[in-house]
Structure formats: structure tokens, C-alpha cells
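Notes follow once the structure below has been shown.
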Amino acid sequence: MRLREFAKSVDLEIRKLCDADDFSFHISESETLETRFAQNRITQHMGKVHLSGYISVVYDNRKGSVSTNDFRIERLPELLKKAKEMAMLTQPDLEYIPTQPKTELKERKNCYDSVVNLTNEAMVDIVAKCIKRAEAEGAQISGMTEKEIEKDYTSGKNGFEVYEEFASFGHSMTMKRGNSETKLAISVMQMEKFDLDNELNNLAIQLNDLTEPHDMDARAIPVILRPQAVENFFGWLTWMMNRRQADEGFTPYTDKVGTQFFGEKFNLYSTDSIKGLYMPSAVGEMEPFRPISYIEKGVINNMPVSRFWAKDKGLEYTPYPGNFVIAGEGVSEEEMMKMVPEGLIINNFWYLRMIDAKKGEITGMTRDGVLYFKDGKIQHAVNNFRFNEIPHDATRRILALGKEEQRSVEAVMPTMLIKDFIFVDKSTF
């Protein structure tokens, strides 16, 4: 029996057996296939199918839940009993909001045959081509190529029901030669959006640019952030801009809705108009997905707000982004290098952490190589750095934006030129 039909049969049985004031039911089936490679050879090929889910119940605002991978009909009475026992042990949830009523949802296509039908042989062939290119470059390559197919069913006592299918292909690879190494990663929902030759060419160019890095001290300096660095840096905004935390004074966004708090060149939104970009039927607390402008020309139009806080404060419920787009302008990297006397090109960031939530300040390190440019031309590679920055403040220093590029199934980002990005120390890894 297919997951959708099986989940519906379980849902119907729960409705017959459950005497709770409210309940929610979720079941997920994931199928993964992975090929790992290291030092120019395949090291592992594996696949698995995993079923998981939960039943959550509410009695007099007391919540209890049970997780399982066994939803056989004969087990449901036992699962519901355990969930009820858990609810009886908890204090009433003062912020409980009933599950959603039956809602008309627009079906979104997030599962394409080109990924679903991708064979083991095709994945191994991708890795073989990567190894062949690395050998031609006199380098070693490591990484993983993978596909995932996920099916999800969620329902609630009050009538809400959603079924989603999602398939993605991901490929990450690190190329190393001597003391230089760099990485590229991409995920797509359609194989026609994956250009292996282009990925390998870009990876080889990055590696060749990183030969013999020069020592450089940390300081404030203009940076060109490539799309992966932009996604990692500004991805923090998807949860930093929580409306409740702002209203309670814990973030820098208190009383900033409707004001120009970001730079004029900064636009952040979710959309349903880009084919191949993930767009669920429902998001957040099971609300229909819809395009939302969060920041437009620096003005905060919307901030994510929970159903409880929206009801309590008389606000419109606004979910976290179902996908994540920062608008670009089409300025090339070469043009950006001519707009400032000198600067750094950043391939990626990692180990990002919060320093001061009230200020919105974060820290992190550069990754996968840093290039120094001067007088409009790349001069040489330099060491990695640690930065301390405030994302909304950094947007006020945006000088130019490049063409939008999709590096992951959920996000579209441009290259970005930012004035005086604050580096505070060198990093050795």
C-alpha cells in the first residue's frame, strides 16, 4: 500500500479510537541513496528506506505525544494510550492553539521524475567523472552524491490534511592539492539544473586560485560574497526576525515593522514563481503556502509570527519562509572588483554562531578559500578569517548585487559586494 493510502487508513482509525479534545497525526517515509568518495575512489554506496511519525493528543490543554515507526492498525490503541498518559503528566499549555480546520490547499510540484528515476549506475558515473577530473588536475577529490525521496502526510482532528512528495539530488565535493583545498555543493529538484561539467570547472578554478595563500591580518575590508556565502550569512534572518522575540525586546527588530531598517538594496521574500525552487503546499503551523515579502527595499513588511502570538496580539499569522529569495541586480563579479580599490572574495562561511541576540550580532569563519583583489583584478589567495557582523547593518553597506543563482532547493541568492565587512582575527581552518 502506498504511503498516502496507508496514512489515510491510519488517520481514519485514529479518529474512531481517539477521545482527545484535539489531536494531530504525522507520518513520513524517506528513501535515500548515497555514494561517498574520498581520495579519488568510491568508499561507500548505501541506501535505506525509513518510516517515522508521531501522534500528538490534547486533553484540557494538556499535550502528550508518542513517536514511532510502527503504525500498524492493531498498535494504535496502545499508542493513543501512551500519548494520553504523557498528556496527563504535563501542565496545561497556556499557549495551546487548536489544530487547523479543513483547508483548501494548492498542490505544489516538488517531486520530478528526473530525480526519482536516477539510478545507482548514474550516481556512480557522476562520481567517476569527478575522480577523472581530479586526476587530470593532479588533485584528490572527496565528497558525496545523494538523492532523497520523501513523502509526508499530516492531519488534525479539526479537518486539516496535507500530503506532500519531495525529491532532491545533492552533490558536494572537495578538491585538494598540496595545502590548498576548496569545496562546492549544490542541491536540485530537477537533474537538468545540475551541470556536472560546470561544477567541476568552477571547482578547479577555485582550487587553482588558492595556490600559495599570502598571510594577511584581519581588518574591515570590502568583500564580494559568492551565493553560497550569502545564503549561509543571511539564512540566519529566517529565524532571527521572530515577531514575538522582537515584541518582547529580545532582538534589534522591536517596533521596526514598516520601517526601513535594512539597506535599500536588500529585498527578501518567498515566492511560488520560480520553477525548481521548493514550495510546499503548507508551511509553519499548517498554513497554506503563499508568496510573502518580508523585506522590500530595506523596509520590513512582515516578520514570522506564531498562531498563538498572532491571536494574542491581533496580528496576521505569518510563517517562516517556505523558500528564501534575495533579489539581485545582475552586476558581474568583474564589475564589482572595479567598484572598490581592494577587497576579498569569499566562497563560503561556516561555524556561524550568535554573539549578541539583542544587537543581532553573529560570528563565523570563512571557508573554501579567500581571494584578495586590487585594482579590479585578483592578486592572490589569503588565509581564512573570523568575522563579527550584524546582518541588517551589513545590508546598509551593500554596494552592488549580482545575478541571482540557485545553489540549494530552498534558496536563490545573488553575489553581493559589501563595504567594510568586519574581520576580527585570522583562522587556521
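For Glu405, what charge total do you get from the other residues with a beta carbon under 10 Å from its beta carbon, if Lys and Arg give +1 and Asp and Glu give -1?
Working: positive: Arg226, Lys403, Arg407; negative: Glu231, Glu404.
That sum, taken over residues with Cβ under 10 Å, equals +1.
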Checklist outcome for this item: Connecting every pair of Cα atoms under 10 Å apart in the chain and solving the GNM, the largest mean-square fluctuation among Thr99, Thr90, Thr145 falls on Thr90
Next on the checklist: Could you give each residue of the range 400-408 its phi-based ³J(HN,Hα) in whole Hz, using Karplus coefficients 6.51, -1.76, 1.60 with θ = phi - 60°, and x for Gly or Pro?
Outcome noted: 7, 10, x, 6, 5, 9, 9, 10, 9
Checklist outcome for this item: To the nearest 10 degrees, the tilt of helix 120-136 (Cα long axis) against the first principal axis of the alpha carbons of the chain is 20
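May I ask for the percentage of alpha-carbon pairs in the range 212-429 that lie more than 24 Å from each other?
Details: 10313 of 23653 pairs.
Result for the distance tail: 44 percent.
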Checklist entry - Could you give the angle, 0 to 90 degrees to the nearest 10, between helix 196-209's Cα long axis and the longest principal axis of the Cα atoms of the chain? => result 50
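With N denoting the number of residues in the chain, provide Rg(C-alpha) divided by 2.2 N^0.38 Å, to two decimal places. Present the calculation step by step, with values, prior to reporting the outcome.
Details: Rg = 24.2 Å, N = 429, 2.2 N^0.38 = 22.0 Å.
Scaled against compact globular proteins, the figure is 1.10.
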Checklist entry - Between the range 273-301 and the range 331-358, how many Å separate their Cα centres? => result 26
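Could you rank the peptides 190-198, 157-165, 22-30 by their average count of other C-beta atoms within 10 Å per residue, with the highest value first?
Going from most to least packed, we get 22-30, 157-165, 190-198.
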Item to check | Hz values of 3J(HN,Hα) by residue in the range 413-429 - Karplus curve (6.51, -1.76, 1.60), Gly and Pro given as x | outcome: 9, x, 5, 9, 9, 10, 6, 6, 5, 9, 9, 10, 6, 7, 10, 9, 8
Checklist entry - Cross-link partners among lysines for Lys84, C-alpha distance below 26 Å, same-chain residues fewer than 8 apart left out? => result Lys8, Lys16, Lys63, Lys102, Lys157
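Bear in mind that the values in this text are calculations on the coordinates, not laboratory data. Since this is a predicted model, take the numbers as computed values, not measurements. Positions of Cβ are generated from backbone atoms using ideal geometry, with glycine treated the same way; all protein chains shown enter the neighbour counts.
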